[in-house]
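Okay, structure first, notes after.
Bear in mind that the values in this text are calculations on the coordinates, not laboratory data. Small disclaimer: the values here were computed from a predicted structure and weren't measured. Cβ coordinates were reconstructed from backbone atoms using ideal geometry, including for glycine residues, and neighbour counts include every protein chain displayed.
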Amino acid sequence: MIVEFFGPAGVGKSTIATALRQRLTAQSIPNYTRKQLLQTAFPNLQLRRVTYLYRMLQKWQTRLVRPAQFAHLLRNMSHPTFTNYEQYKVVDWYLESAFEQRAFARTLKAPQVAVLDEGLAQKVAGVASIAAPTVNTATVNSLLTPLTPPALAIYVSASAAVCAQRMQARGVRPWHVASKTEAQYQQFIADQVTACDLIAQTAPTLGWHVLALDNTAPDQDGTQLNKLLDPVVAHLTEQLA
């Protein structure tokens, strides 16, 4: 079973994913991170991982994304803020994640659970908000359609203002916006929020099971975090029973 998180930068995906893994471990449910699964799915990859994956992507990408659709996406990468390299990079990540998660699905055996801080939906949000000229339903739908849905996609939401404030408090920006102006950075966060909202609306029509968690409220003692995780753990426990 693959469980993945998606949401704008700064929303708290990694914090919640780590807490979920701890909750699952406490219930004796075997669970794995992306790094652990890569070592299992590709035991001989080691330092050759990047080269190997790119070769495999050349072989598999036409099965993962329809060629005409993919070519159209690449031809129309004209975002005014991001460089061609930054745009191609997120498309690479999208294809790489699609390939990886197919391998993960073959590797996992019940009741094993993969808990991914960022999965396919997050890569769709990245392409939609960085490589696509505009964030819209058509773009999101075209990127979701070729993908094999995870068992559960968890949308961690908060307003763009809250996400930007949290990122500022950390003093760190995602690499692709590290050198952008404040206005460009704020627009990137807003576009990510829009993309993730559209994914949450569109994915269920394509057979995805999406669970939304509102992580807007501050959490000083972990009470809010445990409350957010209760329905997730209940759902997974039921599915694994």
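A few notes on this one:
- Protection proxy ranking of 202-211, 149-158 - average other beta-carbon atoms within 10 Å, highest first: 149-158, 202-211
- Straight-distance crosslink candidates among aspartates and glutamates, where the alpha carbon sits under 18 Å from Lys109 and sequence neighbours closer than 8 are dropped: Glu4, Glu100, Glu238
- Eligible lysines near Lys227 by straight Cα distance, threshold 20 Å, same-chain separation 8 or greater: Lys13
- Reach of Lys180 by Cα under 18 Å, taken over aspartates and glutamates that are not fewer than 8 positions away in the same chain: Glu86, Asp191
- Whole-angstrom gap from the stretch 1-30 to the stretch 120-184, using each part's C-alpha centre: 18
- Sequence-distant residues sharing a close amide H with Asp214 (under 5 Å, placed H): Ser157
- Rounded to whole Hz, the Karplus (6.51, -1.76, 1.60) HN-Hα couplings of the stretch 96-104, x for glycine and proline: 4, 5, 4, 5, 4, 5, 5, 5, 4
- The stretch 164-241: C-alpha gyration tensor shape, a/c 1.5 cut-off, then a/b vs b/c: oblate
- Summing +1 for each Lys or Arg and -1 for each Asp or Glu among the other residues whose beta-carbon sits under 15 angstrom from that of Met167 gives +3.
- Prolate/oblate/rounded call for the stretch 92-203, Cα gyration tensor, a/c under 1.5 rounded: prolate
- Near the amide H of Ala114, within less than 5 Å, lie the amide hydrogens of Ile2, Val3, Tyr32, all on another chain or at least 5 residues away, with H placed in the peptide plane.
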